[in-house]
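**Student:** Below is the structure I would like to discuss, written out as C-alpha cells.
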Amino acid sequence: MPARIIISVTSDLVTDQRVQRASAALKEAGYQVMLIGRRLPGSMDMPGKRYRSTRFRLWFNRGPAFYANYNIRLAWYLLWHHADILLSNDLDTLPANYLISRIKRIPLVYDSHEYFTGVPELVSRPKIQAIWKKIERILVPRLRYAYTVNDSIAKLYKEEYGIDFKVIRNVPENRYQAIRDLTTLRRSLGLPSDKKIILLQGAGINVDRGAEEAVMAMRHLHDVLLLIVGGGDVIPELKNRVHRLGISEKVKFEGKKTPADLFLYTSCADLGLTLDKDTNLNYRYSLPNKLFDYIQAGIPILASDLPEIRAIVERYQVGLISPNHQPEELALLMRKMLDDESARKTWKENLARAAQTLNWDAERVKLLTLFKSIGR
C-alpha cells in the first residue's frame, strides 16, 4: 500500500505553483496525495489534477481569527483522516501539523516558502510578529525534515535554530519554447501587437515590491504597455495611481491566472520585472517564482539588487540589475532593454540555455530523495 501524504497550505491552491509541483511529483512517484487549502470568495475552480484536493471554507479570511480558524479546522481534519506523512507549507500551517504529528506519531515535513517572520506584513506589526516568532522558536528546532527555497533562507534558519534545511528552489517545469506566432497569441489575450510589453506578474503584488515605481516609470515611456498580471494588496492603489496620472493606455491589469494561463501572458512580454525592495529579510533573500517563469518564457529580466536574484541574473547573463527604484532610472533601463537589439539577441540565447538548467527536473529529484529518506 503506497504511503499517504496530506499536504496543507493556507493558499487557495489554484495559483500556488510550488505546492502543485510538489503534489504532482509525489503522486507520480507512487505516493497517495491529499492536498488541503482554503476557498476564498473569489477563488477560481481547481484545474483537473491527478491528486485529490479539498479547500476549507472558513468563517474568517484574514487576521488572527483566520489563522486560528484554519489551524483548528486543519487539526480536526488531520486527526480523523489517515496519513503516513504530513507536509506543512509555511509557518501558518505548522501548529496543527506539529500537534497531530505528535499525537499520531507520524513524520512531519516542513516546507518554508519564505522567511515567514520577516514578511513586511509582520515587520510593520511587531506584536503580531513576536507571536509568530515565538511559535517558530518553539516548533522549528524540533523538526527533523525541513526544506526551503534558497541558500540564504536556509542559512538564516541554521544560524537561528541549528537546523539543516534542504534547498528546493521555486522553479517551474522545463517548458522553454519560442512562440512562433506572437501576434496571434497577443490578439487572443486582448493585448496589443504594436507595442512593447513590460510584464510584472505575481500572486503577491504588495507594498515594497516595486510595482508603484514601475507604474510611475510609464510616464517617461511611449509605445510601451506595462502589463500587471496577478493580485496583491497594492493593486487597488496602483489602479488609482494609473487613473490619477492619466496613463490608462499605458498600463493594463489582469487578475490572477492559473499557471497555464499565466504562462501565455508571460510569453507575450518583451521584458519581465522583479523589483522587490530590501526593506525586510524576506524580500532581501527572495527568489520569486516570476524570475524563473520569465526565464522559461525567454523574457529578458530587469531586477532589483537583491543577492539571490542578482546571483541568477548575473551568472546566466539574462538581464540587468537596477541600482535603485527611481522611476526615471527604471524607465531609462527599460527603454535600453527594449531597444538594444544586440543585447536582446544575447539575452535570448542565454535565456534558452538557462531554461535547460533552471527547471523543476533537478529540484524534483531532491524532493523525492528527501521523502525517501523518511523513517530511515
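**Student:** Is at least one residue of the range 194-210 in a helix (DSSP H, G or I) and crowded, with 21+ Cβ neighbours inside 10 Å?
**Tutor:** no
**Student:** I'm told Asn170 meets every condition in (1) assigned to a helix (DSSP H, G or I); (2) surrounded by 21 or more Cβ atoms within 10 Å (Cβ to Cβ); (3) among the polar types (S, T, N, Q) except one. Can you identify the failing condition by its number?
**Tutor:** It fails just one condition, (1).
**Student:** Of Asp164, Asp111, Asp90, which residue is under 24 Å from the mean Cα position of the chain (by Cα) and over 22 Å from Ser11 (Cβ atoms)?
**Tutor:** Just one listed residue meets the conditions, Asp164.
**Student:** Looking at Asp181, Asp164, Asp233, Asp223, which one is surrounded by fewer than 19 Cβ atoms within 10 Å (Cβ to Cβ), touching a Gly at 6+ places or on another chain (Cβ under 9 Å) and among the charged types (D, E, K, R)?
**Tutor:** Only one candidate qualifies: Asp233.
**Student:** Something else about it: Is it the case, given these coordinates, that Ser124 is closer than 30 Å to Arg335 by Cα, at pLDDT below 95 and out of contact with any helix residue (DSSP H, G or I) (no Cβ under 7 Å at 6 or more places or on another chain)?
**Tutor:** Considered against the rule, which asks whether it is closer than 30 Å to Arg335 by Cα, at pLDDT below 95 and out of contact with any helix residue (DSSP H, G or I) (no Cβ under 7 Å at 6 or more places or on another chain), Ser124 comes out as no.
**Student:** How many residues are surrounded by 23 or more Cβ atoms within 10 Å (Cβ to Cβ) and either not hydroxyl-bearing (Ser, Thr, Tyr) or not assigned by TED's automatic domain parsing to the domain that holds Ala214 (or both) if we restrict to the range 277-286?
**Tutor:** Just the residues of the range 277-286 that are surrounded by 23 or more Cβ atoms within 10 Å (Cβ to Cβ), to begin with: 283, 285-286.
Retained after the next criterion (residues that are either not hydroxyl-bearing (Ser, Thr, Tyr) or not assigned by TED's automatic domain parsing to the domain that holds Ala214 (or both)): none.
Residues meeting the conditions: 0.
**Student:** Which of the residues that make up the range 277-303 are over 16 Å from the mean Cα position of the chain (by Cα) and acidic (Asp, Glu)?
**Tutor:** Asp278
**Student:** Given the conditions (1) assigned to a strand (DSSP E or B); (2) modelled with pLDDT under 85; (3) polar (S, T, N, Q), which single one is not true for Asn61?
**Tutor:** That leaves (1) as the condition not met.
**Student:** In the range 1-56, how many residues are surrounded by fewer than 18 Cβ atoms within 10 Å (Cβ to Cβ), assigned to a loop (DSSP other than H, G, I, E, B), touching a residue at least 40 places away in the same chain (Cβ under 8 Å) and not hydrophobic (A, V, I, L, M, F, W, C)?
**Tutor:** 1
**Student:** For the range 344-370, give me each residue that is within 18 Å of Thr274 (Cβ to Cβ) and small (Gly, Ala, Ser).
**Tutor:** Ala354, Ala355
**Student:** Now for a separate question. Report whether or not Lys257 is under 14 Å from the mean Cα position of the chain (by Cα), under 12 Å from Leu227 (Cβ atoms) and in the same structural domain as Ala203 (by TED's automatic domain parsing).
**Tutor:** In short, yes.
**Student:** Something else: Looking at (1) more than 20 Å from Gly204 (Cβ to Cβ); (2) surrounded by 15 or more Cβ atoms within 10 Å (Cβ to Cβ), can you tell me which one Phe66 breaks?
**Tutor:** (1)
The values are calculated or read from the model by the stated rules, or taken from the named source; none is laboratory data. Model, not experiment: these values are computed from the prediction. Because the Cβ atoms are built from the backbone with ideal geometry, glycine has one as well, and the counts that use them run over all protein chains shown.
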